[in-house]
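First the structure, which I've put down as structure tokens, then a few questions once you've had a look.
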Amino acid sequence: MTKNSNRKTTQNINAKITLDKFTQSLLKKIPANQQGEVESMEENIKPEHVRAGGIEVAIWVNNNGKGDYTTITMQRSYKDKEDKWQKTNTLRISDIPKAVLALSKAYEKIVLKE
């Protein structure tokens, strides 16, 4: 193997490790001969982030072969009992105003780019 092919193999391995559980479950549904294409797309995705307190919204630009489209994900960061940072998609009532602000700012960024 050449140095470049070793690097690409390493990147593919790293991409597999960093995929979240939802994405991993989707990959299982894709035929094995097409999974490499999806994994290589995952490596190149760099979402833009908007934060409001512990709420973070990621803006993803996707391509379905017919063109680009934008999606968002939202999560809340918190410290657990052992003082380690964790992330969840569950919001508390007090998180709602921050979520609204972060979503509004994300929407503004998306609309102003288009």
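With the crude spin-label approximation of a point 7 Å out along Cα→Cβ, what separation in nm comes out for LYS105 versus ILE72?
1.1
Okay, moving on. Within 10 Å of each residue's Cβ, count the other Cβ atoms and sort GLU56, GLU108, GLU82, GLU48 from fewest upward.
GLU82, GLU108, GLU48, GLU56
Considering Cα pairs under 8 angstrom that are at least six residues apart, work out the relative contact order of the range 46-114 and quote it in whole percent. If you can, show how the numbers build up before the last one.
Working: 94 pairs, mean separation 21.0, N = 69.
30 percent.
Would you mind computing, in nm to one decimal, how far apart the modelled labels at LYS46 and ASN89 are, each placed 7 Å from Cα along Cα→Cβ?
A separation of 2.6 nm, rounded to one decimal place.
Using the number of other C-beta atoms within 10 angstrom as an exposure proxy, rank ARG76, ARG51 with the fewest first. Can you show the working numbers first?
Numbers: ARG76 18, ARG51 13.
The most exposed by this proxy come first: ARG51, ARG76.
Let me ask you something else. Using the Cα centre as the reference, give the magnitude of the dipole from point charges on the C-beta atoms of the range 46-114 (Lys, Arg: +1; Asp, Glu: -1; all else neutral), rounded to the nearest 20 debye. Each step should come with its number before you reach the end.
On the way: 13 positive and 9 negative charges, 20 e Å.
Once rounded to the nearest 20, the dipole reads 100 debye.
Can you put ASP95, ASP80 in order of Cβ neighbours within 10 angstrom, beginning with the fewest? Don't skip to the end; give the middle numbers.
On the way: ASP95 18, ASP80 8.
Least to most surrounded, the residues fall as ASP80, ASP95.
Only the coordinates and a few stated rules stand behind these numbers; no lab work does. What you see is a predicted model; the values in this text were computed from it and never measured. Cβ atoms come from the backbone with ideal geometry, glycine included; neighbour counts cover every protein chain shown.
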